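Each value in this text was obtained by applying a stated rule to the coordinates, not by laboratory testing. Source: prediction; values computed, not measured. Virtual Cβ from ideal backbone geometry, glycine too; neighbours counted across all protein chains shown.
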Amino acid sequence: MEKIGINLKNISKSFIHKVKGKVEAVNNVNLQIKPGELLTLLGPSGCGKTTTLRMIAGFEHPDKGSIYLGEEDVTELMANKRKIGFVFQNYALFPHLSIYENVAYGLKVKGVPKAEEEKEVKEVLELVGLTGYESQFPNQISGGEQQRVALARAIVIKPKVLLLDEPLSNLDAKLRVYTRGEIRRLQKSLDMTSVYVTHDQEEAMAISDRIALMNKGKIIQVGTAEELYFKPNCEFVSKFIGKINSLPAKVEEIKDGFVFLKVFDHIYQIESSSEHIKIKEKLNIFIRPEFIELSKEAQAHKIQGTVIEKTFLGEKVEFILDVYGNQMNVTSYDPVKCQTFSPNQKLGISLLEKYIKIF
Amino acid sequence: MPAFFIKLKNGFYKLTKDPAVFASVIIIWIFLIIFILFPLAKILILTFEKSGHFTFSNIAEILAKRNHIKAFWNSLLLATLVGISGTVLGFFFAFTSVRANLSRGWSKFLDAAIILPLISPPFTMAITIIFSFGRRGIITYNLLGFTRFNIYGMHSVLFAETITFFPIAYLTLKAILAGIDPTVEDMAFSLGSSRGRVFNTVTLPLTVPGLANSFLLLFAASLADFATPLILAGNKFPVLPTEAFLQITGLFDIRGGAVLSFILLVPAFTVFVLQRYWVAQKYYVTITGKSGAQTEIKSVAPWARKIFLGICLSICLLILYLYLLLFYASIVKAFGANYEITLKHYVVVFTEGLKAIKDTLIIAITGMFCGGFYGVIIGYLISKKDFISRSSMEIVSLLNYSLPGTIVGIAYLLAFNNPPIAITGTALIIIACYVFRYGATSIRTTVAILQQIDPSIEEASASLGAKSITTFRRITIPLVLPALFNGLGVVFIRSMTAISATIFLVSINWTLITVRILEKMTELELGVAAAFSVLVVTIVFIVIIFINLFLRIFRQEGAADLSNMLGG
């Protein structure tokens, strides 16, 4: 099957909210989704990710901008002409149709001959592991099974793109992890360009080729999970993908593309080409809890902090420390070493210099 | 771009994208204008026009008569009292039924007994009250030996209307009480409240919007009721609908009738607006279908339960007694004088009355199909499609149902007597009246069912390549099938039992059973009137059973539940 990309050009969409009035749900979004990739739209609730997905599907019409599926401008095309597969958050199975009829629905609409229809439904049910469920009704099967019916129904028509709107949010935690693996395997084996919407960053990182992080109707950063984690382009991204500490600092010197920052009386050298940073300026530095090391001796050449809280989680241990009146989160993946650290104890703290961020 | 224009633009965009919807919207509007707006406009014109000028003198003339002023105040007083007494009674029944841990059997029995007055012709209760408490009534004359007991007047109308209309309050309040999550009450108990305190601080406050709604519904029902006061009010207690009727049929003063119905329109419309924009926003209880942990309802102490059930049962027995009396009156020679058993009244019904029966059935069945489909289509459009004029379509389509039948009847009389649409004297005018009046119940059930269906189900169909017409046929229609049947049933029942609007529209060519009952009442042929009433109640009952069976057999797996035959 020919793979196609998706191209969103300057799309905007506003809604009329009963209380708030006009709300810009999606504001001038540009996004290229490559053929065959799975891209996740990630963001907090109300950020416009579902609206964007629904515009790709054709359920909403953008106020401005255009949408391309491959080379074709589909902005004015109704949803039923776009050849997309859509998996809804609540699955939206037809309650009055059996599992077989639900899955066969799209084939019937297309006018696929009966014999071929039966063959394809059988194949796809096998693919999602629901062979033998044909004559059951949606209210007779479990949530996880309903989810798989929804998926089967969407892919049986061999859509050019597959769109998934928080498909796992109604499943319990374990099933969620299992099913996302299944979806990813299926998507790869069918090589189907897919857009996936979720607000769960772990799910996004686990399933995606690339992630587009959205906030307040705009795309903030697009990249692989690693890019977003290691090279966030702003504070919002750094806080949404993983956890991050924010600590006060002062600019001491700027030289040769490096900024020298004083953090709790210790100087750190950080690569930065940012032009709006000035000498003597006070700002915040950002560092993830896992890039901070703790040591037992509160030595003079290290930052010192007092343990307020220790949470033992098995493979990792999480600390909250008080550092000169600032709260700092530290995560250690050395549970053996951490055994000796206990609340109210003074510890030495080292920040791993190359992971310090300024925005 | 201002919000309004965006909405307008989107509305246009969607309409032109979907030609099937576009065409239906246009066609429906043509019908609504002809059969709802045009007739009502006729009343306004006749009320405010005199020799081509705008004037208040018509109203002034009518209001100059003392009797009319009195009728206005009587109508309001009666409606208020019925609203209060019916709501209290309805709440009592609903509370007992939902909150007193009744067994399914008792609960069903209450439902069945209470439904009787709702599905009967509106004056059945009035007739049975005369049989029971009239000058020669079973209780007043035979049992107590009163010879001069006066049955006619406000007290009887109030009693009859309360018994007739309180089931509306019952159904409204039952849904709301059932929607209150018992765990909320559990919470209050756990915080140390007594039963009385839980009732006063949790249950009752949550029901207040429902009580207000129920009061308004009963107020409107009483305001519109024409048959009960016509039989029971006597000449000392005039009310507006009967005055308007007498003005037209007795004095042949159509303008006077129109003006009186306009005066009736003022409070009726106020109630309509209050209900729509005030009560509707005050609902706290939303029925989500999501049930919390199962918990036993503890609202009522076991001893209180027995008392509550006892009171409810005695009222049910009173209703059943009155209906038995109706049947008895239909099989005795002359009720009050000669209690010899006879079938002669039924002979009259099936010979002389046969034409009325045939006419009524033809009209009711035609009206049922037209009204049912009309309701489903409009209900579908206004709840599932976004187009300009959507909310005004909803309001207009519910107008004829919300207004007293007397107004609608007079409006039709005025509108369709002359060309361009002269259909007075035909079956068409009666059918149109029923379709555009009672089709509204079908609209409401459709909207209610569609609101429970997630919009993404239709989007799922579209995403699989289905055109909007395919989605409608394969997904929406099967899912609203229960609403359609419900709508068909309601339109049929209402067509069988209605009188207030159609009494103005019958003719020599086309007449109705209900009109014949009224004629027989005035001719004092009470036995025949009773026999006709029994016939109507029987037909309606059979139809309800038939539709229920049909639904049970053909109910598709997973289709929405049909909780009630009559949506109030």
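Remarks
- Across region B:398-503, the convex hull enclosing all Cα atoms gives 117 Å³ per residue.
- Average partner coverage of A:108-121, which counts Cβ from other chains inside 10 Å: 1
- Between amide H atoms placed 1.01 Å from N, distances below 5 Å from residue A:25 occur with A:13, A:14, A:15, all of them 5 or more places distant or on a separate chain.
- Here the Karplus relation 6.51 cos²θ - 1.76 cosθ + 1.60, evaluated at θ = phi - 60°, turns the backbone of region A:43-59 into coupling constants of x, x, 5, x, 8, x, 5, 5, 4, 4, 4, 5, 6, 4, 6, x, 7 Hz, with x for every Gly and Pro.
- Note on region A:6-240: dipole from Cβ charges, positive end direction compared against A:223, A:29, A:100; the farthest Cα belongs to A:29.
- Contact order relative to length of chain A, as percent, for alpha carbon pairs under 8 angstrom and 6 or more apart: 15
- Relative intensity of region A:265-359 on a log10 scale, I(q)/I(0) at q = 0.10 Å⁻¹, equals -0.29, per a Debye sum over C-alpha point scatterers of equal strength in the absence of solvent.
- Average beta-carbon neighbours from other chains, 10 Å sphere, peptide A:78-85: 5
- Restricting region A:1-45 to GluC sites (Glu not before Pro) in coil, as DSSP defines it, with at most 15 other Cβ within 10 Å: A:2
- Value of [θ]222 nm, deg cm²/dmol, for the protein assembly as shown, DSSP H segments ≥ 4, -39500 (n - 2.57) each, nearest 500: -17000 deg cm²/dmol
- Taken one residue at a time, the phi angles of region A:89-99 give Karplus couplings (6.51, -1.76, 1.60, θ = phi - 60°) of 4, 9, 6, 6, 6, 6, x, 9, 10, 6, 4 Hz. Gly and Pro are set to x.
- Region B:133-159-region A:42-86 distance, computed between alpha-carbon centres (Å): 72
- Within region A:52-83, GluC sites (Glu not before Pro) in DSSP loop having at most 14 other beta-carbon neighbours inside 10 Å: A:71, A:76
- Rounded to 0.05, the FRET efficiency of the residue A:320 and residue B:48 pair, given R0 = 60 Å and the Cβ-Cβ distance, is 0.20.
- Built amide H within the under 5 Å cut-off of residue A:37, gap 5+: A:194
- Degrees between helix A:114-127 axis and first principal axis of chain A (Cα, 0 to 90, nearest 10): 20
- Membrane-span-like helices in chain B, defined purely by DSSP H runs whose alpha carbon atoms cover 30 Å or more axially and whose average Kyte-Doolittle hydropathy reaches -1.0, are B:66-99, B:154-179, B:254-277, B:302-330, B:354-384, B:427-452, B:526-554.
- Global form of region A:216-310, assessed from the alpha-carbon gyration tensor, a/c cut-off 1.5: oblate
- Counting DSSP beta bridges with both ends in the protein assembly as shown, the antiparallel % (nearest 5): 80
- Here the Karplus curve 6.51 cos²θ - 1.76 cosθ + 1.60, taken at θ = phi - 60°, turns the phi angles of region A:11-24 into couplings of 7, 9, 8, 10, 10, 9, 9, 4, 9, 7, x, 6, 10, 7 Hz, with x standing for Gly and Pro.
- Computed lengthening from residue B:304 to residue B:473, 0.36 nm per intervening residue step minus Cα-Cα distance: 55.7 nm
- Loop sites by DSSP among the GluC sites (Glu not before Pro) of chain B, restricted to those with at most 12 other Cβ atoms within 10 angstrom, leave B:1-295 as the longest stretch without any of them.
- Looking at region A:245-355, the DSSP beta bridges with both ends there are about 100 percent antiparallel.
- For the protein assembly as shown, a Kirkwood radius taken over Cα pairs fed into Stokes-Einstein (25 °C, viscosity 0.890 mPa s) yields D = 74 µm²/s.
- Here the residues A:83, A:262, ranked from fewest to most Cβ neighbours within 10 Å of their Cβ, fall in the order A:262, A:83.
- One Cα centroid belongs to region B:206-274, the other to region B:355-396; the line between them spans 24 Å.
- Take the convex hull of the alpha carbons in chain A; its mean projected area over all directions comes to 23.1 nm².
- Taking B:397, A:189 and counting other C-beta atoms within 10 Å, the order from fewest to most: A:189, B:397
- Of the trypsin sites (Lys or Arg not before Pro) found in region B:93-153, those that fall in a DSSP loop while having at most 14 other beta-carbon atoms within 10 Å are B:148.
- For region B:433-472, the gyration tensor built on C-alpha atoms gives an oblate shape. Its axis ratio a/c (a ≥ b ≥ c) is at least 1.5, and a/b is not larger than b/c.
- Each part gets one Cα centre, and for region B:402-432 versus region A:257-313 those centres are 85 Å apart.
- Ranking of B:444, B:66 by count of other Cβ atoms within 10 Å, fewest first: B:66, B:444
- Principal axis analysis of the Cα atoms in region A:76-227 yields extents of 48, 39, 27 Å, listed in decreasing size.
- Whole-number percent relative contact order across region A:157-253, with pairs defined as alpha carbons under 8 Å at least 6 apart: 20
- Approximate spin-label separation residue A:230-residue B:273, in nm, with each point projected 7 Å along Cα-to-Cβ: 6.9
- Rounded if a/c under 1.5, otherwise prolate or oblate - region B:300-416, Cα gyration tensor axes: oblate
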